[in-house]
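Everything on this sheet refers to the single structure shown next.
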Amino acid sequence: MNKIDLSIILPCYNESGNIPLILKRFRDLLSNRRDIEVLLVNNGSTDNSQEIFNSELAKSENSFARVIYVEVNKGYGFGIMAGVREANGQIIAWTHADMQTDPSDVLEIFSKYNSQILSGKYYAKGRRVDRNPADAFFTWGMSIISSIYLGAKLNDINAQPKMFDRSFLKYLQNPPDDFSLDLYLMYQAHKHKIELIEMPVSFAKRQHGIAKGGGTLKGKMKLIKRTFKYIYLITEEIKLGKR
């Protein structure tokens, strides 16, 4: 078995239209590399994703990828952590499967910062640029609120990709099942004095399917509710000395 340096996790919930596209993009990027694996998490999809996975993963040119099956969707964070538990890489990353974040961003961060990340003293993430003003303002507002309540400087919390050394997993003992996972990761990094490296990334329009996070007004309202709920849980545990 080849030594895996980087595991890239893609939570996929009803992304059947995007699965062939993202596999082709990774195929073009990885070429003959054998040190990187891609884990696609079929996160309880109710569309024809399983059929697409079976078809695409039967092709020898997609041997760099494998599928982790989650029978029932329990949330974005649950799907990612299902992939994390199966990852073989020393460095672990996750990003979206909807083609809004270019897979090349993961490889660029890995290439530029892997020596720092391997030290265990740094983690890396994307920072979205060239967004429409309304979405940028929403992200800024949520970052400010989260930073104030948690006593940590947090910016563009849900931007992808995220990347860290395997040694960081010891801090992820009670991760949330929903989109609060990104907030949890950043808060744990701040708490344990793991420094942040950010790289500007573009954020494209979704090609297939519908947004699951904050891409719509309804999604933003759900994200606000989930974020405040999780901030409350963290602040209560801080008071009790559990975090």
Point to revise | Answer from 14, 88 - the residue that is touching a Ser or Thr at 6+ places or on another chain (Cβ under 7 Å), over 19 Å from residue 206 (Cα atoms) and assigned to a loop (DSSP other than H, G, I, E, B) | key: 88
Check your understanding: Would you call residue 42 modelled with pLDDT of 95 or more, under 19 Å from residue 161 (Cα atoms) and touching a Phe, Trp or Tyr at 6+ places or on another chain (Cβ under 9 Å)?
Key -> yes
Exercise for review: Could you check how many residues of the range 46-94 are buried (at least 19 other Cβ atoms within 10 Å of the Cβ), aliphatic (A, V, I, L, M) and out of contact with any strand residue (DSSP E or B) (no Cβ under 7 Å at 6 or more places or on another chain)?
Suggested key: 2
Check your understanding: Hey, any hits in the range 98-120 for a residue that's touching an Asp or Glu at 6+ places or on another chain (Cβ under 9 Å) and assigned to a strand (DSSP E or B)?
Key -> no
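Do we find that residue 81 is within 19 Å of the chain's Cα centre (by Cα) and modelled with pLDDT under 95 in this structure? Reasoning before the result, please.
Values: within 19 Å of the chain's Cα centre (by Cα): yes; modelled with pLDDT under 95: no.
Criteria not met by residue 81.
Take the residues in the range 152-187 that are among the small types (Gly, Ala, Ser) and either without any contact (Cβ under 8 Å) to a residue 24 or more places away in the chain or crowded, with 21+ Cβ neighbours inside 10 Å (or both), then tell me which one is farthest from residue 43 (Cα to Cα). Let's see the steps before the verdict.
The first filter runs over the range 152-187 and keeps only residues among the small types (Gly, Ala, Ser), leaving 152, 159, 167, 180.
In the following step, the residues that additionally are either without any contact (Cβ under 8 Å) to a residue 24 or more places away in the chain or crowded, with 21+ Cβ neighbours inside 10 Å (or both) were identified as 159, 180.
On the way: 159: 20, 180: 16 Å.
Only one residue tops the list, namely 159.
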Study note, to complete from the structure: All-but-one check, residue 106 against (1) closer than 19 Å to residue 15 by Cβ; (2) out of contact with any Cys (no Cβ under 7 Å at 6 or more places or on another chain); (3) modelled with pLDDT under 95, failing number (3)
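The values are calculated or read from the model by the stated rules, or taken from the named source; none is laboratory data. Note that the coordinates shown come from a computational prediction; the quantities given were computed from them, not determined experimentally. For neighbour counting, all protein chains shown are included, and Cβ atoms are generated from backbone atoms with ideal geometry for every residue, glycine included.
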